[in-house]
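Peer 1: First the structure, then my questions, so here it is.
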Amino acid sequence: MHKIIAAALNLRRSITFTLSLTMLSRLSRLTTLSASSLLLVILSACSTPQRSVRSSGGDLSSASYRQTAYPVATQASYTPTWDVEAIPRFASSNAPSIRAASYLLIDAHTGRHLASRNAETARAVASTQKLVTALVVLDAGNLDKRVTVQASDVKVEPTCLGLRPGESYTRRHLLYAFLIKSCNDVANVLARDNAGSISAFATKMNAKARSLGCSNSNFKNPHGLTVSGQYSTARDMARIAMAAYRNGIIRDAVRRPYYTFTKNNGGTVTLKSTNGLLGVMPECNGMKTGYTVASGRCLVSTANSRGRDVILVQLGTKTKYIWDDGRLLMNWGLQHAKGGSLTASR
């Protein structure tokens with residue numbers, strides 16, 4: 001029997017397939033079989049393709065094998081296909097030059113990096129962070145619930161809708177006014193209604209940002225007015241914009257050049273969008289503006305053409321040409337985006 005095993009081992013060395021641990025275990029239990037039976041077992045094992053499973057460290061020692069299944073990765077807290085490409089896979093040296101201190105242009109379907117400058121630089125992003133506010137409010141749902149304005153809500157400048165304490169509006173009505181006209185008093189109403197206080201709401205904003213993969217952002221209020229320690233980056237804002245772009249309510253609001261807001265007394269006011277690209281660039285279908293002295297001009301904008309969608313984040317522009325820059329770079333991006341189908345938000 002010892003001679004048979006030795007012959008089998010010599011045969012094993014001449015065959016390119018590696019015996020599985022299962023077959024080796026069977027071999028150790030077959031010492032009582034006849035020589036012909038043992039040889040048949042070896043030949044059968046060699047004719048079956050073997051697959052190996054690597055451990056997380058790439059080790060192929062026996063301890064890293066599993067007989068029943070391959071390792072299953074832990075699901076991330078955000079959908080990986082929504083994420084913005086961390087490292088561009090190609091150079092985009094032929095992209096038009098724009099004036100923003102930081103910017104990032106991506107394919108809205110895949111997050112593929114198209115063009116950028118200083119996309120990882122932390123800076124104030126002004127009212128563009130209202131996209132995070134909107135996502136947190138929408139997570140709570142129940143948009144037809146009425147909210148009563150409190151005196152503390154309206155103590156904010158400069159862009160306000162002119163809400164008065166005691167007035168009552170639905171979350172939906174406030175959300176549309178907030179996204180279209182960027183009203184800071186409305187931001188306070190929605191935040192306090194959602195979390196009880198501005199600080200508690202900021203905690204929810206940061207949790208939402210982290211769930212979307214943002215690793216270099218810190219939000220302290222729902223409207224983006226300047227406060228120490230509040231910042232984000234072009235890349236993180238692009239991640240937030242990707243989530244917002246997949247939300248039907250946000251998409252419907254930010255595409256509108258105008259919105260009619262009905263007050264408690266029955267009077268109406270027509271709100272004009274702060275987005276100067278709407279109606280000027282036919283392909284533009286919305287997103288969010290921002291401006292403070294500290295942040296400069298900021299703009300998150302989106303565009304669609306022939307099944308292709310792009311998202312552009314511009315931060316820290318010091319000139320009035322932010323609209324021209326946005327139109328120029330997004331038109332270029334629409335020629336280079338791949339297109340596809342958008343995955344709906346959760």
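Peer 1: Has segment 276-299 got at least one residue that is assigned to a strand (DSSP E or B), aliphatic (A, V, I, L, M) and free of Cβ contacts under 8 Å to residues at least 40 places away in the same chain?
Peer 2: no
Peer 1: May I pose another question? Of all the strands (runs of 3 or more DSSP E) wholly in segment 92-199, which have at least 2 residues that are touching a Phe, Trp or Tyr at 6+ places or on another chain (Cβ under 7 Å)?
Peer 2: Counting at least 2 such residues, we get 113-117, 146-148.
Peer 1: Looking at Lys320, Lys288, Lys272, Lys263, which one is in contact with a helix residue (DSSP H, G or I) (Cβ under 6 Å, 6 or more places away or on another chain), basic (Lys, Arg) and in the same structural domain as Glu167 (by TED's automatic domain parsing)?
Peer 2: Lys288
Peer 1: With the requirement that a residue be more than 21 Å from Thr292 (Cβ to Cβ) and of a type in the set (A, V, I, L, M), what does segment 146-172 give you?
Peer 2: Within segment 146-172, Val147, Val149, Ala151, Leu163 qualify.
Peer 1: I would also like to ask the following. Among the residues of segment 307-334, write down those that are modelled with pLDDT of 95 or more and among the charged types (D, E, K, R).
Peer 2: Once the filter is applied, which keeps residues that are modelled with pLDDT of 95 or more and among the charged types (D, E, K, R), segment 307-334 yields Arg308, Asp309, Asp324, Asp325, Arg327.
Peer 1: Let me ask something else about it. State all residues of segment 212-229 that are touching a Gly at 6+ places or on another chain (Cβ under 8 Å) and either touching a residue at least 60 places away in the same chain (Cβ under 8 Å) or surrounded by 17 or more Cβ atoms within 10 Å (Cβ to Cβ) (or both); if no residue qualifies, say none.
Peer 2: Lys220, Gly224
Peer 1: I'd like the residue in segment 243-287 that is of a type in the set (Val, Ile, Thr) and crowded, with 19+ Cβ neighbours inside 10 Å and, out of all such residues, is nearest to the chain's Cα centre (by Cα).
Peer 2: Ile250
Peer 1: State yes or no: is Leu163 in contact (Cβ under 8 Å) with a residue 24 or more places away in the chain and within 27 Å of Arg235 (Cα to Cα)?
Peer 2: For Leu163, the condition - in contact (Cβ under 8 Å) with a residue 24 or more places away in the chain and within 27 Å of Arg235 (Cα to Cα) - is not met.
Peer 1: Let me ask something else. (1) at positive phi; (2) outside any strand (DSSP E or B): which one isn't true of Ile240, the others all being true?
Peer 2: (1)
Peer 1: Does at least one position in segment 210-230 carry a residue that is assigned to a helix (DSSP H, G or I) and assigned by TED's automatic domain parsing to the domain that holds Ser152?
Peer 2: yes
Peer 1: Suppose we keep only residues that are in contact with a Ser or Thr (Cβ under 6 Å, 6 or more places away or on another chain) and β-branched (Val, Ile, Thr) within segment 235-292. Which one would you say is farthest from Ser168 (Cα to Cα)?
Peer 2: Thr292
Peer 1: Please go through segment 202-234 and pick out each residue that is in contact with a helix residue (DSSP H, G or I) (Cβ under 8 Å, 6 or more places away or on another chain) and at positive phi.
Peer 2: Residues satisfying the conditions are Gly213, Gly224.
The values are calculated or read from the model by the stated rules, or taken from the named source; none is laboratory data. Just so you know, these numbers come straight off a predicted model, no measurement behind them. Using ideal geometry, Cβ is built from the backbone for each residue, glycine included, and neighbour counts are taken over all protein chains shown.
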